[in-house]
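Structure first, commentary second.
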Amino acid sequence: MHGKLTLVSASAGFGKTTLVSDWVAGCRRPAAWLSLDEGDDDPSRFLSYLIAAIRTIRVNIGEGLFGALQSPQPPIESILTNLINEITADPDPFILVLDDYHMFNAKPVDNILIFLLEHLPPQMHLVIATRTDPDLPLARLRVRGQLTELRVEDMRFNPTEAAGFLTQVMSLELSSEEIALLETRTEGWIAGLQLAAISLQGHKDAASFIKSFTGSHRFVLDYLVEEVLQQQSESIQTFLLYTSILDRMCGPLCDAVLSFNHDASGQETLKYLEHANLFIVPLDSERRWYRYHHLFADLLRQRIHQTSILHVKVAELHRLASVWYEENGLELEAFHHAAAANDVDRAARLMEGGGMPLHFRGAVTPVLKWLEVLPASVLDARPSLWVMYGSALLMVGQMNGVETKMLAAEAVLQAAEQDDITRDLIGHIASVRAALAVSQHQVEIIIAQSHRALKYLHPGNLPVRTATIWTLGYAYQLQGNRAAASQAYTEAISISEEIGHMIITISATIGLGNLQEADNQLDLAAQTYLRVLQLAGDPPLPIACEAHLGLARIFFEWNDMDMAEQHAEHSIRLAQQIENTDRSIACEAFLARLKLAQRDAAGAEAILAKASQLVIRHNFAHQMHEVAAAQVLTLLRMGNLTAAAHLAQKHDLPVSQARVHLAQGEAATALDALGRLLRQAEERGWEDERLKIMVLQAIALHMLDDKDKALNKLSDALSLAEQGGFIRIFTDEGTPMAGLLSEAIARGIRPDYASKLQAVFKAEEQKDVDHPQAYLPLALVEQPLIEPLSQRELEVLRLIAQGLSNLEISERLFLALSTVKGHNRNIFDKLLVQRRTEAVARARELNLL
């Protein structure tokens, strides 16, 4: 089979489906067939149907992917990657057919196909049948010889083929002249030939009919449908018209729609239509589900409003279909037909889902589409729709429109008598506002609205109550009230697991992991984050970015840089799939810390500059402290104490300010500030902050030559850190901590743990040999100069000390010679010297070399 893609592209009625079906039947490869419909343009639904189609011939492929597709914002690229990997692992070749691809115009689905074609396993071949060319890179595929094309000119019946079809397939006795005339009038269009042949079967005067058969495709088809329908019995005409409202049909569903006006069973009628070639397509091998040829269905739906045969309103047909779908557990389809029937009460009830709303179960797109077209008067008549509207917008990240919907609901409720229903709506409004405030980390609003929600929500409204308990826990966590946050998360997990509210289970479990991590229980937190990844599925839901980030932090602290980097990469990819969120900023801040540990201060600086711009551009103020703290560390590492001090003061970062004091040689000032911070941390039970502060206190005391107190403080810090396996919190402090640990080992203080940390320091020293001066200790980057040397000036100074000429330095650093000379002048001025040898000697005195 040649290339990646076979494209069968022709206008309606040229037999694309029949051609591909016959070809597949004669092919030695098994084929998965997916017939597309207008409602399939949602990426999640399209992928679900695509995977289901492949599973009809490869039952082991895609089994674990359906869970991820239920997310409001599923990770499409991750799901595709996993699907492709599973297909690649199965060596047997097969064909995937996408029929009627023209039925929708959705760029996200085109992107899915582009990604699939770019990574298509060699054992898979894709066939697309469509009325219009898809928005795919056809030119590139054509140039690479990866595309086979069949178009109108290839599919149009020539006179010989038309004669064979009319006489052999349709069993008509026509003269060669009559066949030629029909072929000319239809221009080889198979649908026109088929409709003409069906109509001719009821005509005694074939010649007269053929002579009157004229017009463009559209008018010819309109005329022939009229003729075809008139040749059918009244009961078949009724069946065709009534069931044309259905996208897919089965016998029992047809019986429900025609319950008051049909004698024969729906399944028997469907079999008759298939046997009579009346444009019906089976959708499964058991011949249970069918659909009409799209062109035929369109025309039937046009006529349904024009014929006198119809004895019931179209809205009633949709209502009957909705009832059948609901009774058979297909609530989304039931909702679709209730909406089409304009039965607002029924559609609203189905949308609310008997306690678990449809948009909580992944059907946010159809819910939003319906709500968007409802007039304000209808929404005002049922304020719960305003609330659902805002809730659905929140789930897709369209934050700007949420509050408007809440205000509209409140305006209606003010005039309503307060009962259990209105009170529950008031509570739901508050819950939505609390969730909206979570995205902006607005603590006071979250708490106020959460308490209001729990006060008004009905006790039986567990999905919304559970979501509200989680938002309350998040607010407590932001406040630093970790005990209250833990209690709220535990309660939310208990209820959400009981009712199957998976998103809240995941969210609250992430919160619990955050608290365990903050309590220095790294092993327990890692287990909790791994539990989140299990719940989130494979591939994971985007919310799993938080668990990956937590694991990245933990593995970093354990000095497992490879695992830390892997989880950080997973986290940032998932975070980027969530709209209007600041989570990717937190990932970037962590990556900067990772870069610092990898001796790449310039890389960390670049990452943080980008993150800072994003914080300002999107007003993610909550993340500014984390980004600024990482920037201070980076500036200290690069020797820019002035900028570090300014940033730490500007953003009121007390621990960072203490670091700056240490780097400036102001150990007493730092120690005084750290004492106050330690008391606050102990009062609040913040174990993570307590450990960070104790490490810095030990360094400050060591700088003040109070070795005994320094070692006592280090001993306390080691005792606190050993159970959690902390490493980087010590080793990132550089030379001062290395000296303290050596003295601790000599005095027998936590010798096993201290020796483990010392071994890490020795490995770090080897990296310093391999990358000279790439690393400077964070807590003591001391330049006792009025104006410190910049990072570039330090690089030039090191090369001067190695004996390189100005020209050699310019070549080594890719700088202009004049730039190097300018750096020399700055170095000489800052060191108060006049020549190179004096600069090197002075730098050695100041421990800059």
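The values are calculated or read from the model by the stated rules, or taken from the named source; none is laboratory data. From a predicted model like this one, the values you see are computed outputs, not experimental measurements. Neighbour counts run over all protein chains shown; Cβ positions are idealised from the backbone, glycine included. With ligands, DNA and RNA removed, areas are computed over all heavy atoms of the protein, side chains included. Shrake-Rupley method; radii C 1.70, N 1.55, O 1.52, S 1.80 Å.
Details
- Filter result for A297 (part of a helix (DSSP H, G or I), at pLDDT 90 or above and closer than 27 Å to P43 by Cα): no
- Options I87, I114, I76, I95; residue that is surrounded by 14 or more Cβ atoms within 10 Å (Cβ to Cβ), among the aliphatic types (A, V, I, L, M), more than 30 Å from L195 (Cα to Cα) and in contact with a Lys or Arg (Cβ under 7 Å, 6 or more places away or on another chain): I95
- E498 being open to solvent by 20 Å² or more (accessible area, probe 1.4 Å), modelled with pLDDT under 90, out of contact with any Gly (no Cβ under 6 Å at 6 or more places or on another chain) and of a type outside the set (S, T, N, Q): yes
- Test for I693: is it part of a helix (DSSP H, G or I), open to solvent by less than 20 Å² (accessible area, probe 1.4 Å) and in contact (Cβ under 8 Å) with a residue 40 or more places away in the chain: no
- Flag if K4 is buried (at least 17 other Cβ atoms within 10 Å of the Cβ), in contact (Cβ under 8 Å) with a residue 12 or more places away in the chain and more than 29 Å from L299 (Cα to Cα): yes
- Just one of the listed residues (H458, H451) is part of a helix (DSSP H, G or I) and open to solvent by 40 Å² or more (accessible area, probe 1.4 Å), and it is H451.
- From the options V412, V402, residue that is assigned to a helix (DSSP H, G or I), on the phi < 0 side of the Ramachandran plot, open to solvent by 20 Å² or more (accessible area, probe 1.4 Å) and out of contact with any Ser or Thr (no Cβ under 7 Å at 6 or more places or on another chain): V412
- Region 152-168 - residue that is open to solvent by less than 50 Å² (accessible area, probe 1.4 Å) and either of a type in the set (A, V, I, L, M) or outside any helix (DSSP H, G or I) (or both) and, of those, modelled with the lowest pLDDT: V152
- Candidate set from region 102-117 (those that are in a helix (DSSP H, G or I) and among the aliphatic types (A, V, I, L, M)); member that is farthest from F46 (Cα to Cα): L117
- Residues of region 169-199 satisfying the condition of being outside any loop (DSSP other than H, G, I, E, B) and within 24 Å of A129 (Cβ to Cβ): V169, E183, T186, I190, A191, G192, L193, Q194, L195, A196, A197, I198
- Scanning region 605-643 for residues that are assigned to a helix (DSSP H, G or I) and either of a type outside the set (G, A, S) or touching a Lys or Arg at 6+ places or on another chain (Cβ under 8 Å) (or both) yields a count of 27.
- For W686, the conditions (1) open to solvent by 10 Å² or more (accessible area, probe 1.4 Å); (2) under 20 Å from L641 (Cα atoms); (3) in contact with a helix residue (DSSP H, G or I) (Cβ under 8 Å, 6 or more places away or on another chain) are fulfilled apart from (2).
- Output for region 21-54, where each listed residue is small (G, A, S), touching a residue at least 40 places away in the same chain (Cβ under 8 Å), open to solvent by 20 Å² or more (accessible area, probe 1.4 Å) and more than 26 Å from K369 (Cα to Cα): A31
- Residue in region 238-260 that is modelled with pLDDT of 70 or more, open to solvent by less than 40 Å² (accessible area, probe 1.4 Å), outside any loop (DSSP other than H, G, I, E, B) and under 21 Å from S171 (Cα atoms) present: no
- From the options F104, F66, residue that is out of contact with any Lys or Arg (no Cβ under 9 Å at 6 or more places or on another chain), open to solvent by 10 Å² or more (accessible area, probe 1.4 Å) and within 19 Å of S9 (Cα to Cα): F104
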